[in-house]
Ligand code: HEC
């Protein structure tokens, strides 16, 4: 949870600063931020699932709130393909650009599914399936090995 909060803060600050000005940024920096955002999302999603199986509603809601904020940052990090930055580090994955309206739709799907869980009033409203479905849909469309 603590680690997730730090990752979230770093990604949010970087994304709202000059760091991702497309005119001024090296592809490596943008792709590094993408990877950081995805790992922050991955950490929060794992934390949300763990909290859900522990019956800890407040912790699940807090991770869901982080997921919704991170989803809001994604479109900014995937405006350009930056194909020259791949392969990146140890990662097997890359971004294949496509219809940006479709990307936005997948990011919005994660944002609204995560916001709904962040507003949950009982464990029954914690919708792991909807959030997980938004990950898978976007990966199928835009993530390649
Ligand atoms: C709107 C699109 C979108 C959504 C939503 C999304 N992802 Fe991703 N994800 C991507 C793309 C594109 C990549 C490949 C990025 C790259 O290689 O630069 C990726 C990469 C990753 C990676 C690999 C990072 C690496 O080191 O290469 C992980 C892990 C990951 N996503 C987890 C998740 C999880 C978990 C969720 C849902 C809770 C999620 N993602 C939601 C688009 C998305």
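The values are calculated or read from the model by the stated rules, or taken from the named source; none is laboratory data. None of the values given here were measured: they were computed from a predicted structure. Glycine gets a Cβ as well: all are built from the backbone with ideal geometry, and neighbour counts include every protein chain shown.
Assigned to a loop (DSSP other than H, G, I, E, B), touching a strand residue (DSSP E or B) at 6+ places or on another chain (Cβ under 9 Å) and more than 17 Å from residue 47 (Cα to Cα) - does that describe any residue in the stretch 111-132? So far as the stretch 111-132 goes, no, none of its residues is assigned to a loop (DSSP other than H, G, I, E, B), touching a strand residue (DSSP E or B) at 6+ places or on another chain (Cβ under 9 Å) and more than 17 Å from residue 47 (Cα to Cα).
Tell me, please, whether a residue that is in contact with a strand residue (DSSP E or B) (Cβ under 7 Å, 6 or more places away or on another chain), more than 16 Å from residue 136 (Cβ to Cβ), more than 8 Å from the ligand (Cβ to nearest atom) and free of Cβ contacts under 8 Å to residues at least 40 places away in the same chain can be found in the stretch 64-83. The answer is yes, given that some residue of the stretch 64-83 is in contact with a strand residue (DSSP E or B) (Cβ under 7 Å, 6 or more places away or on another chain), more than 16 Å from residue 136 (Cβ to Cβ), more than 8 Å from the ligand (Cβ to nearest atom) and free of Cβ contacts under 8 Å to residues at least 40 places away in the same chain.
Yes/no matrix, rows are residues, columns are (1) crowded, with 16+ Cβ neighbours inside 10 Å; (2) at pLDDT 95 or above; (3) in a helix (DSSP H, G or I):
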{"position": "24", "(1), (2), (3)": "no, no, no"}
{"position": "28", "(1), (2), (3)": "no, no, yes"}
{"position": "46", "(1), (2), (3)": "no, yes, yes"}
{"position": "50", "(1), (2), (3)": "no, yes, yes"}
{"position": "61", "(1), (2), (3)": "yes, yes, yes"}
{"position": "65", "(1), (2), (3)": "yes, yes, yes"}
{"position": "84", "(1), (2), (3)": "no, no, yes"}
{"position": "98", "(1), (2), (3)": "no, yes, no"}
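From the list 92, 143, the one residue that fits, being within 11 Å of the ligand (Cβ to nearest atom) and surrounded by 14 or more Cβ atoms within 10 Å (Cβ to Cβ), is 143. Taking the condition modelled with pLDDT of 95 or more, within 16 Å of the chain's Cα centre (by Cα), more than 12 Å from the ligand (Cβ to nearest atom) and crowded, with 17+ Cβ neighbours inside 10 Å, does residue 118 pass? In short, yes. Among the residues of the stretch 100-115, those that are surrounded by fewer than 18 Cβ atoms within 10 Å (Cβ to Cβ) and closer than 16 Å to residue 70 by Cβ comprise 104, 108, 112, 115.
Residue pairs whose Cβ atoms lie under 8 Å apart, separated by 6 or more positions or on different chains, with the first residue in the stretch 121-136 and touching a residue at least 12 places away in the same chain (Cβ under 8 Å) and the second loosely packed, with under 15 Cβ neighbours inside 10 Å, are 123/55.
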